[in-house]
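What follows is a single structure, written as structure tokens, with notes after it.
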Amino acid sequence: MSSIENNISSVDFEMIRSVLDDAGYDASVLVEDQCLFDTAALLVTKLFLSGVDSRSALAAKLECQLGRAGTHRHRLSLSLWRYAI
């Protein structure tokens, strides 16, 4: 982890966090589904380290690969309610 921290400045961390927040991957997702949040954070961080440094490009790739965070939660709740007795 320390090698990643050496390559990403605090300004870059803030941009990565804002990309995640704008896509809905915020603290509430971290509490509800840590695996989903970690996957999104890892994806954006890897993309950034591979050279994708545009905020809009990171957001587009995140949405293409994982979608917005709210869509995952709604699909789960909608698919499970019909099984309730």
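The values are calculated or read from the model by the stated rules, or taken from the named source; none is laboratory data. All figures in this text were calculated on a predicted structure; none of them were measured in a lab. Cβ: placed from backbone, ideal geometry, glycine included. Neighbour counts: every protein chain shown.
Give the residues of region 55-79 that are closer than 13 Å to Tyr25 by Cα and modelled with pLDDT of 90 or more, sorted by residue number. Steps first, answer last, please.
Looking only at region 55-79, we keep the residues that are closer than 13 Å to Tyr25 by Cα, and these are 59, 62-63, 66-73.
Once the filter is applied, which keeps residues that are closer than 13 Å to Tyr25 by Cα and modelled with pLDDT of 90 or more, region 55-79 yields Ala59, Leu62, Glu63.
Identify all residues within region 48-64 that are outside any loop (DSSP other than H, G, I, E, B) and of a type outside the set (Asp, Glu); write none if there are none. Outline the logic, then answer.
So the first thing to find is which residues in region 48-64 are outside any loop (DSSP other than H, G, I, E, B), and the list is 48-49, 55-64.
Selection gives Phe48, Leu49, Arg55, Ser56, Ala57, Leu58, Ala59, Ala60, Lys61, Leu62, Cys64.
Would you please list the contacts, defined by Cβ atoms under 6 Å and residues six or more apart or on different chains, that run from a residue in region 23-45 that is under 15 Å from Glu63 (Cβ atoms) and at pLDDT below 85 to a residue that is among the small types (Gly, Ala, Ser) and assigned to a helix (DSSP H, G or I)?
Hits for this filter: Val29/Ala69.
For region 31-56, which residues satisfy the criterion of being more than 9 Å from the chain's Cα centre (by Cα) and buried (at least 16 other Cβ atoms within 10 Å of the Cβ)?
Kept after step one, since they are more than 9 Å from the chain's Cα centre (by Cα), are these residues of region 31-56: 31-35, 45-56.
Across region 31-56, the qualifying residues are Asp33, Thr45, Leu47, Phe48.
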